[in-house]
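K.L.:
For reference, the structure I am asking about is given below.
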Amino acid sequence: MKEMYPSLAIFILFLISTTCKGQQANTCNVAPKDQYIEVGSDTEIVCETSCIRGNIYWTLNNIRINESWSNTINSSHTELSLKNFTHHSATLQCHSADTRQVLGGTTIRTYTKPSKISCMWHYDNQEDAVVPQLFTCNWEHQNNSSLKISYSVLVSSSQVNQSEICNSHVTTCTSRDIDTSDKIHFMGNLIVTVRARTAAWEADSDPYEFDPYSILKLIRPQLKVTVLSDHLLVKWNSPIPQRESHCQVKFAKAVSDGTPEKVVNKTLNSMYKVELIEKMESCCTYKVSVRCALVKAPWSDWSQEKTVLTKLNESDIQLQLWRKVAKQKNGVRKVHAMWREIPPTCQDTFTYAIKQIAYKEHTTGVSYTDTLCSSSPCVVDVNQEAHRIILTVFRNETLLAKDSVYVPAVGQSLPQVTEVQTSTMEGVILVSWKPPVQPVRGYMIDWTHSGNQYNWKESKYTNTSLIDLLDKKPYNITVTPLFDNKTGYGTEALQVCSTVGDPGNITIVNVQAYDKSANVRWDTKSQEVCSDAVINYTIFYSAQKGPTLNVTVDGTKHDIFLKDLNPGTQYSVYIIATALTGTTKSSERLFETKRFDPRLLTVLSVSGSIVIVLVLSLGLCCAIQWKKFREKPVPDPGLSSLALWPSADHQKGICQAFTNPSESNYDWVYIEELQRTSNPPLAIGCNPAIEQIEEYTDPATVLAPDIQNEKPAELVQTQHLGCSEESTALISSENGTFNPYRSQGSVETVPAKMSKQYKCLPAKQEKTAPVTVYVTLNMFEQGLGQ
């Protein structure tokens, strides 16, 4: 860094410039102008005050400075000392204390020097390990200036003087000169300095010292990988055998399955040979690479990747044979045997064979034919007895592995687990159960979402976690206890979903709009079995130019009445269903309220229809009654007759008809007692005695004339009159005038066809004067109706 002028030099220069202008000149000014200083350094500023009298004060960015920082040199010059100046850019001004007039000012800007230098000596040709061709340095520099900065990297050593090896306008620089080897070598440490230069200032960094071997980046190793049965052998050569170095071996599966890369660290000194202790998966393709570095030096680039396929390790074979037994049909059960297959990447020929042996015959030496299976699962038939399913695996006709599983007999009493519980958490199904009373060696858990493809695993605990499940699928899970050489019965858990999705799609099925309300109905249809249950529905509705309102109902509702709507207004409505897993929104639907309530119009229409029907019915009834009134015949007195009828109190007996009176061709007889002062009494001593007989033709002893032939009805009744054989005529035809009431004798008989059965009840006989009775019966002519 270039040192700044001392304050004395500044003052002398300022004094000389003032003297040159004339000692009599009254000037005020601040010097030096537009100064650049390093961040954190000190500086002095002088203010000339010849143009004023009195004291002055300083401001920095319009903030008054402490007066203790100012020192009066003489009556016309005042010096300001700034310590540890860190402002990026600041304006300094000198003011008159009396008038506060600005006497002069200057701008002070700061700069920084480069820092944190790191260098690397490396190779341009990765195949040539003789002398590194490149020298690269990086550093940090805070550039607060708008000026263009150029950088130079200076290198020196105990053997070589300082020289510039590269230039740059950024904070990194690489030397590619063919003469770099003359300036940089392994003999002695290297001292590196970075110089920053602009048109206004220049700054050098602090010198950094490096050991050539600590900044040397080795060429990438040449790799050779040998595949063994259970591990890999990796070899490479060191470019500098006499130096201790560290190496890393990285290997990972060529097809990523989520397994992270593995890195093995080794410290080697000569010809390197690494035997990977980590167990490799059988028949799996791996990518292997190596990198090395000297002590404290940067890592070399990774070597070119070597891709290798591991061999089958017999200890890795875990068949894990299991079975699912279908229901019995015609005495035969189908057993689905399934196992873990040897990876198809293994470059060998493998054969699977299954043999089923009846358990009760297992010790008799009975031989069964093997069933060859190309892959898992394989179906074999067994009967109702207990069996053992045996699986054998051959490689090139050589037995490689063997496993077996027990199949219980139908109805066999075996223990099983109880209280199987399931729960779901972030796509993982947690299963727990209660063990049986008998001791077990483990449990087999199998699960499926389709009923065709099964997964299974063995556990020694009463709980397990099922992972790698398909999203939003229902799973059937079965837990079976395992014993030494048998299995128990499986217990199936309730179906459980791996994850639940958002609620189903919402469809607004109908909107019934009224004048001030609307009924909205919707339906939720789930596209997936494992959709989450709806907790609540929120119905949003709004007019075109109104606020959006909403109402929330619980998840069991599927309709709602929206109230307080404006008549004759168009509204939009949509529904959001909320569940624990998320929300679902329906499409928006428009509807318009009525100007009048349609229900009122319906009520008025129905009421009007009822009134019309009633009026029409009433009119029809009145018309019918009027017609009947108009058509009702008037009785003709000329068709009536008069007869004697004894009073009820004087009747010796009462006659009751056996027939239904409604069937009679005659009207009822109305009796009226009259005062007979003008008519002569009956003959004295006439005491009629009525003889009771069995047959009568009519309850009346006197009948009207027959309407058929206009002849008097004949009475079939025997009476013994004490006075005369005929009754006295009650109505005479005096004066020769026509009397419409004809007299009727008591001795006339009625034809046999008109006779009916009657019964005459005896009554107490008393002597009473007879009365005259008028009887009107069927006084209508034939054809006039009744």
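What follows is calculated from the coordinates using simple rules that are stated; it is not laboratory data. Fair warning: this is a prediction, and the values are worked out from it, not measured in the lab. Virtual Cβ from ideal backbone geometry, glycine too; neighbours counted across all protein chains shown.
K.L.:
By how many nm would the segment from Q438 to V606 grow when fully extended, if each residue of separation counts as 0.36 nm and the alpha-carbon distance is taken off?
P.N.:
52.6 nm
K.L.:
Tell me the volume per residue, in Å³, of the convex hull enclosing the alpha carbons of the range 425-558.
P.N.:
Considering the Cα atoms of the range 425-558, their hull volume per residue is 153 Å³.
K.L.:
Work out, step by step, the length gained on full extension between K473 and R243: first 0.36 nm times the residue separation, then minus their alpha carbon distance; give nm to one decimal.
P.N.:
Gain on stretching K473 to R243: 76.8 nm.
K.L.:
Could you order the peptides 536-544, 561-569, 45-53 from most to least packed, using the average number of other C-beta atoms within 10 Å per residue?
P.N.:
45-53, 536-544, 561-569
K.L.:
Hey, another quick one. Taking 0.36 nm per residue of sequence separation and subtracting the Cα-Cα distance, how much length would be gained by fully extending the chain between R53 and S229, in nm to one decimal?
P.N.:
Contour length minus Cα-Cα distance gives 53.3 nm.
K.L.:
Please list, ordered by chain and number, the residues whose modelled amide H lies under 5 Å from the amide H of K473; skip anything fewer than 5 residues away on the same chain.
P.N.:
Placed amide hydrogens put S498, T499 under 5 Å from K473.
K.L.:
Dividing the Cα convex hull volume of the range 141-229 by residue count, how many Å³ per residue is that?
P.N.:
172 Å³
K.L.:
Under 14 Å from a label point 7 Å along Cα→Cβ of I535: give me every residue in the range 569-602 with its amide N that close.
P.N.:
Only 577-584 pass the distance filter.
K.L.:
If R0 is 22 Å, what FRET efficiency do you get for S315 and H336 from their C-beta distance, rounded to 0.05?
P.N.:
After rounding, the FRET efficiency stands at 0.20.
K.L.:
Quick check on my link table: of K224/K279; K262/K460; K472/K585, which ones sit more than 27 Å apart, alpha carbon to alpha carbon?
P.N.:
Violating the 27 Å Cα-Cα cut-off are K262/K460.
K.L.:
If you don't mind, there's one more thing I want to ask. Kirkwood Rh and Cα-based Rg: tell me the resulting Rg over Rh for the range 47-162, rounded to two decimals.
P.N.:
Taking Rg over the Kirkwood Rh, I get 1.31.
K.L.:
In addition: Could you list which residues have their amide H under 5 Å from that of C373, counting only those 5 or more apart in sequence or on another chain, with H placed in the peptide plane?
P.N.:
Y352, A353, I354
K.L.:
Sorting check: for 493-505, 394-406, which peptide has the highest mean count of neighbouring beta carbons within 10 Å, and how do the rest follow?
P.N.:
Most protected by this proxy first, the peptides run 493-505, 394-406.
K.L.:
While we're looking at this one, here's another question. For Y514, which sequence-distant residues (separation of 5 or more, or a different chain) have an amide H within less than 5 Å of its own amide H, given hydrogens modelled in the peptide plane?
P.N.:
Placed amide hydrogens put N519, K594 under 5 Å from Y514.
K.L.:
Provide the descending list of Cα extents for the range 72-126 along its principal axes, expressed in whole angstroms.
P.N.:
Taking the Cα atoms of the range 72-126, the three principal extents are 76, 20, 14 Å.
K.L.:
Can you compute the FRET efficiency between W69 and T27 using 1/(1 + (r/R0)^6), with r the Cβ-Cβ distance and R0 = 25 Å? Round to the nearest 0.05.
P.N.:
0.60
K.L.:
Rank by packing, highest mean first: peptides 28-38, 587-597, with packing defined as the count of other Cβ atoms within 10 Å averaged across residues.
P.N.:
28-38, 587-597
K.L.:
E528 to T398: FRET efficiency via 1/(1 + (r/R0)^6), r the Cβ-Cβ distance, R0 60 Å, to the nearest 0.05?
P.N.:
0.75
K.L.:
Through the Karplus equation 6.51 cos²θ - 1.76 cosθ + 1.60, θ set to phi - 60°, convert the phi angles of the range 477-486 into ³J(HN,Hα) values in whole Hz; use x for Gly and Pro.
P.N.:
Taking θ as phi minus 60°, the curve returns 10, 10, 10, 10, x, 10, 10, 4, 10, 9 Hz for the range 477-486.
K.L.:
Enumerate the calculated ³J(HN,Hα) couplings along the range 100-108 in order (Karplus 6.51 cos²θ - 1.76 cosθ + 1.60, θ = phi - 60°), each rounded to whole Hz, writing x wherever the residue is Gly or Pro.
P.N.:
For the range 100-108, the Karplus curve yields 6, 6, 6, 8, x, x, 8, 10, 10 Hz.
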